[in-house]
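The values are calculated or read from the model by the stated rules, or taken from the named source; none is laboratory data. This structure is a prediction, so every number in the text was calculated from the model and none was measured. Counting neighbours? That spans all protein chains shown, and the Cβs are built from the backbone with ideal geometry, glycine included.
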Amino acid sequence: MNKSKAEEALKVAKELAKTARSATDFHNAFFGIGGKFGELFPDRAQREAFLKTPQYREIFQMRAALERLAKAAS
């Protein structure tokens with residue numbers, strides 16, 4: 001796994017999380033069609049390797065935090 005790509009992915013995700021209106025918006029912007037995930041990790045082997053990194057775990061936690069905020073607000 002290219003650590004610099006994983007770090008870049010985390011940096012992008014942090015920026016997206018600042019402006020995301022919901023966990024779904026965040027998820028779609030990062031992982032969805034045309035999202036940064038596909039751009040940084042264009043093939044399956046790269047994507048699978050990224051899913052094992054601490055950076056991915058942090059991004060996943062960001063998404064979970066956005067879900068918790070939405071539930072608390074409702």
Open item on the list: S4 - would you say it is without any contact (Cβ under 8 Å) to a residue 40 or more places away in the chain and among the polar types (S, T, N, Q)?
Closed with: yes
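How many residues, within the stretch 43-61, are assigned to a loop (DSSP other than H, G, I, E, B) and surrounded by 10 or more Cβ atoms within 10 Å (Cβ to Cβ)? Even if it seems obvious, please write down each step before you answer.
Residues of the stretch 43-61 assigned to a loop (DSSP other than H, G, I, E, B): 43, 51-53.
From what is left, the residues that are surrounded by 10 or more Cβ atoms within 10 Å (Cβ to Cβ) are 51-53.
So the count comes out to 3.
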Task: Which listed residue is assigned to a helix (DSSP H, G or I) and modelled with pLDDT of 95 or more, from A13, A64 - done: A13
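What do you reckon, is R21 among the charged types (D, E, K, R) and surrounded by 12 or more Cβ atoms within 10 Å (Cβ to Cβ)?
On the way: among the charged types (D, E, K, R): yes; surrounded by 12 or more Cβ atoms within 10 Å (Cβ to Cβ): no.
No; evaluated as a whole, the condition is false for this residue.
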- [ ] State all residues of the stretch 7-41 that are free of Cβ contacts under 8 Å to residues at least 12 places away in the same chain and under 24 Å from R68 (Cα atoms); if no residue qualifies, say none.
- [x] K11, E15, K18, T19, R21, T24, D25, N28, F31, G32, G35
Open item on the list: Of everything in the stretch 55-74, what is touching a residue at least 12 places away in the same chain (Cβ under 8 Å) and closer than 17 Å to S4 by Cα? Give them in sequence order.
Closed with: Q55, Y56, E58, I59
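In the stretch 16-29, what residues are charged (D, E, K, R) and part of a helix (DSSP H, G or I)? Talk me through it step by step, then tell me what you get.
In the first step, residues of the stretch 16-29 are kept if they are charged (D, E, K, R); the result is 18, 21, 25.
Of everything in the stretch 16-29, those that are charged (D, E, K, R) and part of a helix (DSSP H, G or I) turn out to be K18, D25.
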